[in-house]
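Read the figures in this text as sums done on the coordinates, not as results from a lab. Please read all numbers here as calculations on a predicted model, not as lab measurements. Cβ coordinates were reconstructed from backbone atoms using ideal geometry, including for glycine residues, and neighbour counts include every protein chain displayed.
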Amino acid sequence: MYGGDEATFTATRPTIDAYARACELIGPTGSGQLAKMMNQICIAGVLQGLSEAINLGQKYAIDIQKVIGAISNGAAGSWQMENIWKTMIAGQF
């Protein structure tokens, strides 16, 4: 998420592409920071929901691995669910 003028973005794109999987010119200077804040808000909501779901399952002794397997490929799925649920059930946040 890049904020700045298009000429600078174009000039620096080869360097960015060498280490970034994706890069998008969002708008003028500061736009990249605002986009990153929006991204963090979205992630926080997903993590909170996943944490609450795991907590509920643990409270009622549900097999979390089975539940994750059942829901991770549907609308509830996320990178967080796919990659960090095991550390979350171990209490390693």
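Given labels modelled 7 Å from the Cα in the Cβ direction, how far is it in nm from Glu6 to Ile84? A separation of 3.7 nm, rounded to one decimal place.
In order along the range 37-45, the Karplus-derived 3J(HN,Hα) couplings, from 6.51 cos²θ - 1.76 cosθ + 1.60 at θ = phi - 60°, round to 4, 4, 4, 5, 4, 4, 5, 4, x Hz, and Gly and Pro are given as x.
Calculated mean residue ellipticity at 222 nm for the chain: -22000 deg cm²/dmol, from DSSP H runs with n ≥ 4 weighted as -39500 (n - 2.57), summed, divided by the residue count and rounded to 500. Protection proxy ranking of 9-20, 63-74, by the mean of other Cβ atoms within 10 Å over each peptide's residues and highest first, is 63-74, 9-20.
Charges only on Cβ, +1 for Lys and Arg, -1 for Asp and Glu: so what's the dipole of the range 2-89 about the Cα centre, in debye to the nearest 20? Dipole of the range 2-89, to the nearest 20 debye: 300 debye. Projecting the Cα atoms of Gly30, Ile84, Ile54 onto the charge dipole of the chain, computed from C-beta unit charges around the Cα centre, puts Ile54 farthest toward the positive end. Ordered by the number of other Cβ atoms lying within 10 Å of each residue's own Cβ, fewest first, Lys86, Lys59 fall into the sequence Lys59, Lys86. Shape class for the range 1-44: oblate, because the ratio a/c of the largest to smallest gyration tensor axis (alpha-carbon atoms, square roots of eigenvalues) is 1.5 or more and b/c is at least a/b.
How high is the relative contact order of the chain, in percent, with contacts defined as C-alpha pairs under 8 Å that are six or more residues apart? Here the relative contact order equals 23 percent.
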